Amino acid sequence: MNILGIETSCDETAAAIVVDGRDVLSNVISSQIDLRRVHGGVVPELAARGQIQAIIPVVRAAVAESGLTWPEVDAIAFTQGPGLAGSLLVGVNAAKSLAMSLSRPLIAVNHLEAHVYANWLALPRGVASDPPQLPAICLLVSGGHTELLLIRQRGEHEVLGRTIDDAAGEAFDKGARLLGLGYPGGPAIEAAARGGDPSAFSLPRAVVPGVYDFSFSGLKTALLRTAGPFRLPDEDTERVLDTIFPIHRTPRFHEHWPVSDLAASFEEAIVDALVSRTQLAAGDTGARSILIAGGVAANRRLRHRMMEETAGRFDEDRRPAVRWPDLSLCTDNAAMVAGLGFELYQRGRTVGLEADAFPRLPIGSVGSA
Ligand code: KG4
Ligand code: ZN
């Protein structure tokens, strides 16, 4: 079964064709990263406008690159939420128009669950691997979300813990801004941390109410305080500008400031929190796999520490396999939407043309109109 997936939850416009929930035939993504760099983040109105401009060419390219013809597309899956309302609506309406004109079933997909599903996809010419063994613990870490999930069956998710404030990716982005490292923050911190000493500065590991929960806002404040002595005073003009365009402010630092050590210590604090909770959950639930999903899965230190800690904590016969999707499937994409769409279709979970966007759709649910 060939499913066309459409993803427009934020500022990436993506479309993909996936066969039987596994084989990715095409995976087209149009990003507004340059706009993000200018504004230091996503501006919802601009993101929605960009979606409108990109959606038709991106969907056309996904079908063309798959080598299929339109009649060979068997169903349309789209991201229903969570995400930015204006952006989501572009994808919802594109999907509904296609479903109507092609007389094909329509499947509504939860964006967060789709990120998890990326672990079941196979890229052309990629290394063929078996599906993850269940039960699995999935650490879902992106710019908007940080959740620890228990997956007993493919496509079903139980939330064990989540962040009580900033998402992990958001913490990277804010930390990078405080250090004047640019946007997006995750790759910038990772690059700056290279060669740095992760134990050079002691940054706090937050204590949170639930054993599997996370908190990153205190860490951000601690970083601000730790970097303070190395920072040059702001000039008045900058301060005036800052009140008008706070996002544009780039701090300046002394010539020989320990940026690598600061970035490495900050990265380590985030990674520590993510790895320790995941290990705990994997032990408590007897998980056979540990999955990492979402944009922050691109972080090498996170992946390395997760492997290392798992090897140290579990005996070989009880050791969960640690895995993550190909990096092209970690950040926002539509292959993950088409993939999960197949799973839902098989369970009869199609929706009608009255389907709507749900910007705050929680994990484990599909909205109804
Ligand atoms: O999943 P994603 O592409 O978009 C959302 O749905 O949020 O995740 C984007 C987030 C950004 O916050 C970015 O800073 C972070 O993923 N990220 C990283 C790395 N690459 C991207 N964080 C840490 N290390 C990286 N290498
Ligand atoms: Zn995402």
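Overview of results
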item: Unmet requirement for R249, which otherwise passes all of (1) over 26 Å from I363 (Cβ atoms); (2) at pLDDT 95 or above; (3) touching an Asp or Glu at 6+ places or on another chain (Cβ under 6 Å); result: (2)
item: Some residue of region 91-107 being at positive phi and under 23 Å from the mean Cα position of the chain (by Cα); result: no
item: Residues (of a type in the set (D, E, K, R), more than 14 Å from ligand 2 (Cβ to nearest atom) and at pLDDT 95 or above) located in region 1-41; result: D20, R22, D23
item: Region 181-220, residues that are in a helix (DSSP H, G or I), among the hydrophobic types (A, V, I, L, M, F, W, C) and surrounded by fewer than 20 Cβ atoms within 10 Å (Cβ to Cβ); result: A191
item: Unmet criterion (only one of (1) at pLDDT 95 or above; (2) out of contact with any His (no Cβ under 8 Å at 6 or more places or on another chain); (3) farther than 14 Å from T278 by Cβ) for S328; result: (1)
item: Residue in region 133-148 that is without any contact (Cβ under 8 Å) to a residue 60 or more places away in the chain and either crowded, with 23+ Cβ neighbours inside 10 Å or away from ligand 1 (no atom under 15 Å from the Cβ) (or both) present; result: no
item: Condition broken by G41, with the remaining ones in (1) part of a loop (DSSP other than H, G, I, E, B); (2) more than 20 Å from P184 (Cβ to Cβ) satisfied; result: (2)
item: Tabulated pairs, region 324-347, first closer than 17 Å to E12 by Cβ and of a type in the set (A, V, I, L, M), second in a loop (DSSP other than H, G, I, E, B) and more than 13 Å from ligand 1 (Cβ to nearest atom), C-beta under 6 angstrom, 6+ apart or interchain; result: L329/L121; A335/L121
item: Only listed residue being buried (at least 22 other Cβ atoms within 10 Å of the Cβ), of a type outside the set (S, T, Y) and in a helix (DSSP H, G or I), chosen from G339, G283, G312; result: G339
item: Complete set of residues in region 342-369 that are among the hydroxyl-bearing types (S, T, Y) and either in contact with a Cys (Cβ under 6 Å, 6 or more places away or on another chain) or not in a helix (DSSP H, G or I) (or both); result: T350, S365, S368
item: Residue list for region 286-300, filter: surrounded by 21 or more Cβ atoms within 10 Å (Cβ to Cβ) and under 21 Å from the mean Cα position of the chain (by Cα); result: I290, L291, I292, A293, G294, G295, V296, A297, N299
item: In region 1-13, residue nearest to ligand 1 (Cβ to nearest atom) [restricted to those that are over 14 Å from the mean Cα position of the chain (by Cα) and either surrounded by 24 or more Cβ atoms within 10 Å (Cβ to Cβ) or more than 15 Å from I76 (Cβ to Cβ) (or both)]; result: T13
item: Filter result for A14 (touching an Asp or Glu at 6+ places or on another chain (Cβ under 6 Å), in contact (Cβ under 8 Å) with a residue 60 or more places away in the chain and among the small types (G, A, S)); result: yes
item: Top-ranked residue in region 286-334 [being acidic (D, E) and away from ligand 1 (no atom under 14 Å from the Cβ); ranked as farthest from V59 (Cα to Cα)]; result: D315
item: Residues that are surrounded by 24 or more Cβ atoms within 10 Å (Cβ to Cβ) and more than 19 Å from G155 (Cα to Cα), drawn from region 317-330; result: P320
item: Hits in region 286-304 - residues which are within 16 Å of ligand 2 (Cβ to nearest atom) and in a loop (DSSP other than H, G, I, E, B); result: G294, N299
item: Some residue of region 301-308 being closer than 27 Å to S9 by Cα, without any contact (Cβ under 8 Å) to a residue 60 or more places away in the chain and surrounded by fewer than 23 Cβ atoms within 10 Å (Cβ to Cβ); result: yes
item: Residue selected from region 315-329 under the condition within 16 Å of ligand 2 (Cβ to nearest atom) and not in a loop (DSSP other than H, G, I, E, B), by the criterion nearest to I151 (Cα to Cα); result: L329
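The values are calculated or read from the model by the stated rules, or taken from the named source; none is laboratory data. Note that this is a predicted model, so its numbers are computed, not measured. Neighbour counts run over all protein chains shown; Cβ positions are idealised from the backbone, glycine included.
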